[in-house]
1. If you scan region A:104-115, which residues turn out to be at the interface with another protein chain (Cβ under 8 Å from one of its Cβ atoms) and either of a type in the set (A, V, I, L, M, F, W, C) or touching a residue at least 60 places away in the same chain (Cβ under 8 Å) (or both)?
2. Restricting attention to region A:149-172, does a residue exist that is under 27 Å from residue A:63 (Cβ atoms) and part of a helix (DSSP H, G or I)?
3. Is there a residue in region B:284-304 that is basic (Lys, Arg), within 14 Å of chain A (Cβ to nearest Cβ) and buried (at least 16 other Cβ atoms within 10 Å of the Cβ)?
4. So, in region B:202-235, how many residues would count as being among the acidic types (Asp, Glu) and open to solvent by less than 20 Å² (accessible area, probe 1.4 Å)?
5. Kindly establish whether residue B:118 is closer than 27 Å to residue B:316 by Cα and without any contact (Cβ under 8 Å) to a residue 40 or more places away in the chain.
6. Condition first: in contact with a Gly (Cβ under 8 Å, 6 or more places away or on another chain), assigned by TED's automatic domain parsing to the domain that holds residue A:269 and on the phi > 0 side of the Ramachandran plot. Can you find one or more residues in region A:164-182 that meet it?
7. Answer yes if at least one residue in region A:58-71 is under 21 Å from residue A:211 (Cβ atoms), more than 7 Å from every other protein chain (Cβ to nearest Cβ) and open to solvent by less than 10 Å² (accessible area, probe 1.4 Å), and no otherwise.
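The values are calculated or read from the model by the stated rules, or taken from the named source; none is laboratory data. Computed from a prediction, not measured in an experiment: that's the story for all the values here. Every residue, glycine as well, gets a Cβ built from its backbone with ideal geometry; the counts of neighbours run over all protein chains shown. Only protein heavy atoms, including side chains, enter the accessible area calculation; ligands, DNA and RNA are left aside. Shrake-Rupley method; radii C 1.70, N 1.55, O 1.52, S 1.80 Å.
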Number of protein chains: 2
Amino acid sequence: MTGPEAEVSCPAPKGRYENVVLAHGGGGALMQQLLERLFFPAFGGVGAKDRQDAAVLDVGGQRIAFTTDSFVVKPHRFPGGDIGSLAVHGTVNDLAMTGARPLWLSAAFILEEGFPMAELEAVTASMARAAHEARVTVVTGDTKVVDRGKGDGIFINTAGVGVLEHAAVTGPGAVRPGDAILVSGDLARHGMAIMASREGLEFESLIESDSAPLADLALSLFEAGIEVHCLRDLTRGGLASAMNEIAGAAGCGIVLDEAAIPVREDVRGACEILGFDPMYVANEGRFAAFVPGPSAGAALEVLRAHPLGEQAVKAGVTTEGGSARVAVETVAGTWRILGMLSGEQLPRIC
Amino acid sequence: MTGPEAEVSCPAPKGRYENVVLAHGGGGALMQQLLERLFFPAFGGVGAKDRQDAAVLDVGGQRIAFTTDSFVVKPHRFPGGDIGSLAVHGTVNDLAMTGARPLWLSAAFILEEGFPMAELEAVTASMARAAHEARVTVVTGDTKVVDRGKGDGIFINTAGVGVLEHAAVTGPGAVRPGDAILVSGDLARHGMAIMASREGLEFESLIESDSAPLADLALSLFEAGIEVHCLRDLTRGGLASAMNEIAGAAGCGIVLDEAAIPVREDVRGACEILGFDPMYVANEGRFAAFVPGPSAGAALEVLRAHPLGEQAVKAGVTTEGGSARVAVETVAGTWRILGMLSGEQLPRIC
């Protein structure tokens, strides 16, 4: 690889918004702006420090992880999952990305008056199955009902608590130049499954969401003694947004190799038809791991030994320099800069 | 007191609902039905066992409490608080009711496209103030945005984690016949503040919500060495619903003395005008404590020493017998049975 030759300009959104827009929840630059201008200052900047989805806290000398996510995905059911399984996987994965073993979930439902009871039963059963599979227990919950026309069938919030069983401190702050960036599998299936389902599109093959619980796979790295610097699930905003956040927080550059990153042919085709870049499309069962360059081979071997990591690859490296720029060498051998999207790519993907 | 003379019939709701109705979120019999028929069986019955809003869990020998609540209150601002302060108080209080010291909160927002940024800033500032006052830290969060017409401005979920600093095991299972039931202050202000605000009603005096963080007041009982059997905040469904839940779970009867239970004159008047029974109206800064009968005096002294407990009273006693009936001797000296409401008394009160 030689250095990037051209930059695609991707200016940060300017000024202030008078009203909330969809992109404030989209995982891109506007959501970052909301965090940095409003939530981090108000709440003491806790999240700002380590830029992790889950907080790591000390309980009598034992580290626990604590996180929350609301799910508003539309439609509620899609190939490969539903809002119930997604609500379990999303929170389990946020815990796992701190290196914690997820143990307990909460489940809080906001139901719209008139939501069919049979659908609520199906979603609840799906949550229960997903929780069982991920070996977490739903230990507390809440139900609210809003008037017809003031919700959208069902929203679910899951918060989660897990325990860190090792002493490793991971996160963007631990990322070093020369780290290898591993990606645990093929990209863009969740977003494309939702889009195809929403638009009623049929492709030659069924695109199923990759939604899955990642704790076992992620923890297998620690258990194998790999020095893990940072883990990040590739949800809203996809690989590109995750890499931008980490490069920015770590103060390093990132260079990705597009040819190495698996995207299924039918998924790539769907992205082209619908005008999406797979690098920005949400996944719900994929993560990136930052490990010291020399450990890349051993770490890949560990990941590939697990069914959810069979397709794991080395997708890139971190570089010196505080430019926090994410560059990708394309399949054609050209370079492009992956900026932070300012708009909403896929609303209500999770 | 002599025995109750008459029973008001209050049959449990029969049959199955095809669709969700507002009362499924109302804190009454329909919500209990949803819990008992759907959520408890699906999620392993964890909540069913101790019937507490928060779960008590073991982390390396240290007990923690974990809870969740979504807030959909309408309007977002009301005399004495707003959805932000309420979201902090509600979760802090659920933790405190297990005897835990609340430490950490999550904050997850579901915003409707078009929600004014200035209102979001005001709500966030209110949450931050309430968290500071309750000595908890918001350590993790999430933001989702739904399309215009698919939400109602702002919904907030807060989950919370606290630590139990003593060895007491409290809950309905620890309630014994002969326990004194203490109520920490005057009832029905939160519900009436919301209703007056919603209906644009003006009474002679302003009715402000009682919304407040209860952890210091509740923990003062443990710190004073009082043997606490059960604590319960008197939220959705009010004192009457809380007493029914506890009587049912503990397998005892409850006899309340209406004359002893403080309800402000203007609040009682508002209830009469609007057709509500103060015993069923939601509070957000009041709780009931079950303590051994002989400890009632000492416990009241402890509660009254705190600004939020100045009006604490002995409101009743638990009795032998598995009828799980809650009876109240009225001011007029007659008796009535307080059943579990099957309908929704006050929708979207929290």
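1. Our first condition is that a residue be at the interface with another protein chain (Cβ under 8 Å from one of its Cβ atoms); within region A:104-115, this holds for A:104, A:106-115.
Hits for region A:104-115 are A:104, A:107, A:108, A:109, A:110, A:111, A:115.
2. Yes, region A:149-172 contains at least one residue that is under 27 Å from residue A:63 (Cβ atoms) and part of a helix (DSSP H, G or I).
3. Filtering region B:284-304 down to residues basic (Lys, Arg) leaves B:286, B:304.
From what is left, the residues that are within 14 Å of chain A (Cβ to nearest Cβ) are none.
Within region B:284-304, not a single residue is basic (Lys, Arg), within 14 Å of chain A (Cβ to nearest Cβ) and buried (at least 16 other Cβ atoms within 10 Å of the Cβ).
4. Residues of region B:202-235 that are among the acidic types (Asp, Glu), as a first pass: B:202, B:204, B:208, B:210, B:216, B:223, B:227, B:233.
So of that shortlist, the ones also open to solvent by less than 20 Å² (accessible area, probe 1.4 Å) come out as B:210, B:233.
Residues that pass the stated criteria total 2.
5. Working: closer than 27 Å to residue B:316 by Cα: no; without any contact (Cβ under 8 Å) to a residue 40 or more places away in the chain: yes.
When the stated conditions are applied, residue B:118 does not pass them.
6. yes
7. Taking region A:58-71 first, the residues under 21 Å from residue A:211 (Cβ atoms) are A:65, A:67-71.
Add one more test, that the residue is more than 7 Å from every other protein chain (Cβ to nearest Cβ), and what stays is A:65, A:71.
Narrowing the set further to residues that are open to solvent by less than 10 Å² (accessible area, probe 1.4 Å) leaves A:65, A:71.
Within region A:58-71 (the criterion being under 21 Å from residue A:211 (Cβ atoms), more than 7 Å from every other protein chain (Cβ to nearest Cβ) and open to solvent by less than 10 Å² (accessible area, probe 1.4 Å)), the answer is yes, since at least one residue qualifies.
Condition check ((1) closer than 21 Å to residue B:64 by Cβ; (2) at the interface with chain A (Cβ under 8 Å from one of its Cβ atoms); (3) surrounded by fewer than 21 Cβ atoms within 10 Å (Cβ to Cβ); (4) not acidic (Asp, Glu)) across all residues:
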{"residue": "B:93", "(1), (2), (3), (4)": "yes, no, no, yes"}
{"residue": "B:125", "(1), (2), (3), (4)": "no, yes, yes, yes"}
{"residue": "B:129", "(1), (2), (3), (4)": "no, no, yes, yes"}
{"residue": "B:146", "(1), (2), (3), (4)": "no, yes, no, yes"}
